[in-house]
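The values are calculated or read from the model by the stated rules, or taken from the named source; none is laboratory data. All values derive from a computational prediction rather than experimental measurement. Quick reminder, even Gly has a Cβ in these numbers, built from the backbone with ideal geometry, and neighbours come from all protein chains shown. In case anyone asks, the SASA skips ligands and DNA or RNA and just uses the protein heavy atoms, side chains included. Shrake-Rupley method; radii C 1.70, N 1.55, O 1.52, S 1.80 Å.
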Amino acid sequence: YEGGNRNVWLDKGEAYFNIVHDAARPFVVTLGDRRVTDLGTKFSIRRDHDRIQVALVEGKARFDAALEPAPSQQTVLTPGDIVTATAESVSLKREPSHSLSNQLGWRHGMLVFDHATLVEVASEYNRYNRTKLVVEGAEARRLTISGTLPATDLGAFTRLATKFFNLRVEQHEGEIVV
């Protein structure tokens, strides 16, 4: 609590918030020079090294694009809205509720993919595992999958790569190369 606000700072990673709105004590998530203020809501925030993504599941939230010297761009999000911010831009798109649910599969230990390239799948797995997946070769990097896989079961991914795509998988120290 600071200045009448309930404050949280997210330096990196992903978090899901289910907030009871309190106009007298706003809930504020600070993301570097960006900020999300709860207006009675459920939302997720993912912060990678070069982008921030806020997905609103229920209620409303306000996204402030830059805080210095004063908020320069404010966007009020409604259910289904996803705002993506990088150093150069801020964009807003709408997703159906089932798509947002899929994006929150990580909360239950699952990763849900819809026409994701193997590179994108490997990147997601690498967020949850010490052993890193590496996809080599232009053809393999372009292959796509749709499905639900356990976030910490690298074997599920390697079985998929060998059985369905006939790719070679090699285990090295600290990484699996496909």
Phi-based couplings in Hz for the range 103-111 (Karplus 6.51, -1.76, 1.60; Gly and Pro marked x): 5, 9, x, 4, 5, 10, x, 10, 10
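Just need the relative contact order of the range 1-87 here, percent rounded to a whole number, with Cα pairs under 8 Å and 6+ apart.
Working: 204 pairs, mean separation 20.8, N = 87.
Relative contact order of the range 1-87: 24 percent.
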Potential lengthening between ALA138 and SER97 on full extension [0.36 nm per residue; Cα-Cα distance subtracted]: 11.4 nm
Using Cα pairs under 8 angstrom and six or more residues apart, how large is the relative contact order of the chain, in percent? 12 percent
Would you please name the trypsin sites (Lys or Arg not before Pro) within the range 47-111 that are DSSP coil residues with at most 16 other C-beta atoms within 10 Å of their C-beta? ARG51
In degrees from 0 to 90, rounded to the nearest 10, what is the angle of the helix 154-165 Cα long axis to the longest principal axis of the chain? 60 degrees
So the angle from the long Cα axis of helix 118-128 to the longest Cα principal axis of the chain, reported in degrees to the nearest 10, equals 60 degrees
Along the Cα→Cβ direction, 7 angstrom out, place labels at GLU120 and ARG168. What is the inter-label distance in nm? 2.8 nm
Of the peptides 153-161, 29-37, how do they stack up when ordered by the mean number of other Cβ atoms within 10 Å, highest first? 29-37, 153-161
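Which of the GluC sites (Glu not before Pro) found in the range 87-174 are loop residues per DSSP with 10 or fewer other Cβ atoms within 10 Å of their Cβ?
Numbers: sites: GLU88, GLU120, GLU124, GLU136, GLU139, GLU170, GLU173; in loops: GLU88, GLU136, GLU173.
Those that pass, being in a loop and sparsely packed, are GLU88, GLU173.
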Taking 0.36 nm per residue of separation between TYR128 and VAL177 and subtracting their Cα-Cα distance, the length gained on full extension comes to 16.0 nm
With a 1.4 Å probe and all protein chains kept in place, how much accessible area does SER97 have, in Å² rounded to the nearest 10? 90 Å²
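Accessible area per residue of the chain at 1.4 Å probe, in Å²?
Working: 10120 Å² over 178 residues.
So the chain comes to 57 Å² accessible per residue, rounded to a whole number.
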